[in-house]
Amino acid sequence: SVLKAQNLSGTLPPDLVRLPFVQEISFYGNRLSGPIPKEFGKITTLKSLVLEFNQLSGNLPPELGSLSQIERLLLSSNNFTGVLPATFANLTALKQFVIRGSGLSGPIPAGISLLKNLTDLTITDLNGSDSPFPHLENMSRLSKLELRSCNIAGALPDYLGKLINLKVIELSNNKLSGQIPMSFHDLKNMYLLFLSGNHLSGPLPDWIDKPDFVDLSYNNFTIMKFEQQTCQQGSV
């Protein structure tokens, strides 16, 4: 069964766990406040939970890690605190995980590497200290990767170029450094590459004009251009 509603205010009722065979809950764009009830972790038939654009707060309950069948978890634009629970590593059926601008702190938990069925991984605007790039090398089905403003530091990993289903890479406003890996040349399906607001450097790769949408602004790239048969350098 499917449970959808609009124009709601108040808090999420824990009693929803009593509804039999619920596969989808969508309270998108309401005025709901308070925490997500830990009891939601007992709705084991749930395949989609959409709570975006509300005023929910508190920590994300670790009990949500028991939703073994969930494929879609959309939690963006709320007022949560705390971190992403380590138990989310158990959500191995998950295909779409989106949580933009919801007040959480990093780092992205290491267990996310176990979510091999993800096609859309979107996490943005994490508070906290710097952390290395998460291990995503097993996500061979990944089509969209958006980790904007997550305090990710260090080099772009070569393995991203082996995730050949990637169409969108959005890693703006982090603290990434070094060069764009040569392996990115193999991402034949990529049509959007946003890396602005990092500390990336080195020459621009010769394939950089292939994606339809590219933003490399506010980095330290070197541009080689010929003027009067003299090779000069500029920066981006």
Checklist outcome for this item: Taking the stretch 180-224 and keeping only residues that are touching a residue at least 40 places away in the same chain (Cβ under 8 Å) and acidic (Asp, Glu), one is left with Asp215
Checklist entry - Which residues, counting only those in the stretch 166-197, are among the hydroxyl-bearing types (Ser, Thr, Tyr) and either in the same structural domain as Gln96 (by TED's automatic domain parsing) or within 10 Å of Leu156 (Cα to Cα) (or both)? => result Ser177
Checklist entry - Does the stretch 16-25 contain at least one residue that is closer than 20 Å to Asn79 by Cβ and in contact with a Leu (Cβ under 7 Å, 6 or more places away or on another chain)? => result yes
Next on the checklist: Just to be sure before I move on: is Asp125 over 20 Å from Asn198 (Cβ atoms) and surrounded by 15 or more Cβ atoms within 10 Å (Cβ to Cβ) in the structure I sent?
Outcome noted: no
Checklist entry - Does the stretch 82-93 contain any residue that is within 18 Å of Ser48 (Cβ to Cβ) and not assigned by TED's automatic domain parsing to the domain that holds Leu32? => result no
Checklist entry - Which one is nearest to Lys210 (Cα to Cα) among residues in the stretch 164-198 that are in a loop (DSSP other than H, G, I, E, B) and among the hydroxyl-bearing types (Ser, Thr, Tyr)? => result Tyr191
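The values are calculated or read from the model by the stated rules, or taken from the named source; none is laboratory data. What you see is a predicted model; the values in this text were computed from it and never measured. Glycine also receives a Cβ, built like all others from the backbone with ideal geometry; neighbour counts cover every protein chain displayed.
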